[in-house]
Amino acid sequence: MNAAMPTDKPAIRVSKLSKTFKGCKALETVSLDIAPGEMVALIGASGSGKSTLLRHLAGLALGDDGTGSVDVLGTRVQSRGQLASDIRRTRSRVGFVFQQFNLVGRLPVMTNVLTGSLGRVPLWRSLTGRFTTEERRLALDALDRVGIADKSWTRASALSGGQQQRAAIARTLVQKAEVILADEPIASLDPVSSRRVMETLARINTEDGVTVVVSLHQVDFAIRYCPRTIALKKGAVIYDGPSAALTPSLLRELYGSQAEELGTGVQGSASFVTGLPSGLALAANA
Amino acid sequence: MTTTDDARLLHPPRTSLTKLAVYGIALALLAWSWHGAEIRPEILVKDAGNMATFLSDFFPPNFRDWRFYVQEMLITVQIAIWGTVLAVVAAVPFGLLAAENIAPVWVRQPVRRLMDALRAINEMVFAMLFVVAVGLGPFAGVLALFVHTTGVLAKLFSEAVEAIDPRPVEGIRATGANPLEEIVYGVIPQVLPLWISYALYRFESNVRSASVVGMVGAGGIGVVLWEIIRGFYFAETCAVMIIIVATVSLIDVASAQLRKLFI
């Protein structure tokens, strides 16, 4: 919607990024640009490099020495296997949503969500846990937006998987993230929770103009929620274009026997998505 | 499978020569230590009469000065409280700095060796040194317990830190948090129940230790115990021992209840 950033500068730019794990190629000279406000799906079979690529975008993993670079929001994240020195400032503008939610289970949901503001809060206040009413208000609003405000003071570990993932998304809202990277956010969730999480991400994308990159196991979800899809195979980009063009025959062409692994996600469930008003996922409390 | 193989498998494999040698060495070690430790069980039989007389001197226990004993016992508990609290405060940073997943090797190794040293030397030895340094009295006991317990707790704390789930910490890191914030929000909440449990265990054992460090002049019930044993006041000794046992049991029970609260 309100893409405030100049559109000539990509939100994410990866150039010639390679990553080798113990002699095994995890990323093979990957180059791509993602414009501000896009919602992009990253698909591929397990081990195709989706997670590895996303972790590199957030500077949680480093590429091979001597080649490749990653820029996010016009700032260097890493180049030639070296992390940028101001990485923490960049990370604070990038929200990361993990497959296993990565919340601190023993802390209340509210505290988990408040950690989104750590990049802005002065150290003495964060270490003593002195968040202002304004910061708490922001956290509560974020929880309200993802539909779990009533769980604010529940321990994160007591929430269902879908609720935990929405709390993790609320954390990125408190971060005021301009880019959200979601690493298989629905791989551990049941179909209903999966839909809710994807609806939430899509809504943040359209309402706030946040750039979203989401890795998915299931092509159906990519087609449903993301206009653009980047497909990976063995660490290399093998398709980058409109999701609508990903027909079963193209998938078979791209992935061969692996195509089945990508297509079966929401089989026979086209109705469940269409039957749902898009606001419902955000309003409903589970 | 041939029949010869079957026959071989019917019985357990023969004990190897090395194993036999180890048993031999163990027996030799026992015999050698028997000599060095001057173990003479016949004395227990020969002097049984004397010992019975000695034992009868303990009964009935003499509680005439019980107010004094209880007061000194309370001082002992107070020594244990401060010795443990100071140790917990010191063990938090040392425990983190000794953990593999927090500190780089050039910090971790020196910290670990320092903690080894603190642990290797018994509280009694530290108590004797601190009595010389700060004079007779409970404060020397507090310092002795503090130093030794820091070594023990730092090791236990760092092991707890090494066993955490790294994913929540990465979740905090991804928000752009500072490494200290990662520890406060990602690591400490995960290890806190275990840390509290360890600290309470050490408090219990420090109450026991505090009653002993008094014997070298570091305050509390130990001082009393030492004096009455040397004066052959066995009925009084018995009373003091009963008070120690009662207090230690009470604290064990109370801290076990407390520990349940945190887990």
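Here are a few things to note about the model shown:
- Of the residues making up region A:174-223, those that are surrounded by fewer than 22 Cβ atoms within 10 Å (Cβ to Cβ) and either on the phi > 0 side of the Ramachandran plot or among the small types (Gly, Ala, Ser) (or both) are A:LYS176, A:GLU184, A:ALA187, A:SER188, A:SER193, A:ALA202, A:GLY209.
- Among (1) over 21 Å from A:VAL72 (Cβ atoms); (2) at the interface with chain B (Cβ under 10 Å from one of its Cβ atoms); (3) buried (at least 20 other Cβ atoms within 10 Å of the Cβ), the one test that A:LEU127 misses: (3)
- Filtered by the rule that a residue be under 21 Å from B:ALA199 (Cβ atoms) and among the aromatic types (Phe, Trp, Tyr), region B:107-138 gives a lone residue, B:PHE126.
- Given (1) in contact with a helix residue (DSSP H, G or I) (Cβ under 9 Å, 6 or more places away or on another chain); (2) without any contact (Cβ under 8 Å) to a residue 40 or more places away in the chain; (3) within 13 Å of another protein chain (Cβ to nearest Cβ), number of the condition A:PRO122 does not satisfy: (1)
Residue-by-condition table, conditions (1) surrounded by fewer than 18 Cβ atoms within 10 Å (Cβ to Cβ); (2) on the phi > 0 side of the Ramachandran plot; (3) of a type outside the set (A, V, I, L, M); (4) assigned to a loop (DSSP other than H, G, I, E, B):
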residue	(1), (2), (3), (4)
B:GLY83	no, no, yes, no
B:VAL89	yes, no, no, no
B:PRO93	yes, no, yes, no
B:ALA99	no, no, no, yes
B:VAL107	yes, no, no, no
B:ALA117	yes, no, no, no
B:MET124	yes, no, no, no
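- Within region B:36-51, the set of residues being in a helix (DSSP H, G or I) and of a type in the set (Lys, Arg) comprises B:LYS46 only.
- Test: A:ALA35 is within 14 Å of chain B (Cβ to nearest Cβ) and either crowded, with 16+ Cβ neighbours inside 10 Å or touching a residue at least 24 places away in the same chain (Cβ under 8 Å) (or both): no
- Every residue from region B:203-233 that is over 16 Å from B:ASP65 (Cβ atoms), in contact with an Asp or Glu (Cβ under 6 Å, 6 or more places away or on another chain) and of a type outside the set (S, T, N, Q): B:GLU204, B:VAL213
- A:LEU57 meets all of the listed conditions (1) more than 14 Å from the chain's Cα centre (by Cα); (2) more than 10 Å from every other protein chain (Cβ to nearest Cβ); (3) not aromatic (Phe, Trp, Tyr) but one, namely (1).
- Region A:76-101, residues that are touching a residue at least 60 places away in the same chain (Cβ under 8 Å), facing chain B (nearest Cβ under 7 Å) and in contact with a strand residue (DSSP E or B) (Cβ under 8 Å, 6 or more places away or on another chain): A:PHE96, A:PHE98
- Number of residues in region A:106-119 that are farther than 12 Å from B:GLY176 by Cβ and at the interface with another protein chain (Cβ under 7 Å from one of its Cβ atoms) equals 2.
- Scanning region B:158-173 for residues that are among the charged types (D, E, K, R) and facing chain A (nearest Cβ under 9 Å) turns up B:ASP165, B:ARG167, B:GLU170, B:ARG173.
- Within region B:174-188, if we keep just the residues that are within 7 Å of chain A (Cβ to nearest Cβ) and over 15 Å from A:VAL113 (Cα atoms), the residue that is surrounded by the fewest Cβ atoms within 10 Å (Cβ to Cβ) turns out to be B:LEU180.
- If only residues of region A:231-286 that are of a type in the set (A, V, I, L, M), at pLDDT below 80 and within 27 Å of A:SER31 (Cα to Cα) are counted, the one that is nearest to the chain's Cα centre (by Cα) is A:LEU262.
- A count restricted to region A:73-89 and to residues that are surrounded by 24 or more Cβ atoms within 10 Å (Cβ to Cβ) and in contact with a Lys or Arg (Cβ under 8 Å, 6 or more places away or on another chain) stands at 0.
- Taking region B:156-263 as the region of interest, the helices (runs of 4 or more DSSP H) fully inside it that hold 3 or more residues being farther than 30 Å from A:ARG88 by Cα and among the polar types (S, T, N, Q) are B:188-213, B:234-262.
The values are calculated or read from the model by the stated rules, or taken from the named source; none is laboratory data. Computed from a prediction, not measured in an experiment: that's the story for all the values here. Here the Cβ is made from the backbone with ideal geometry for all residues, glycine too, and neighbour counts use every protein chain on show.
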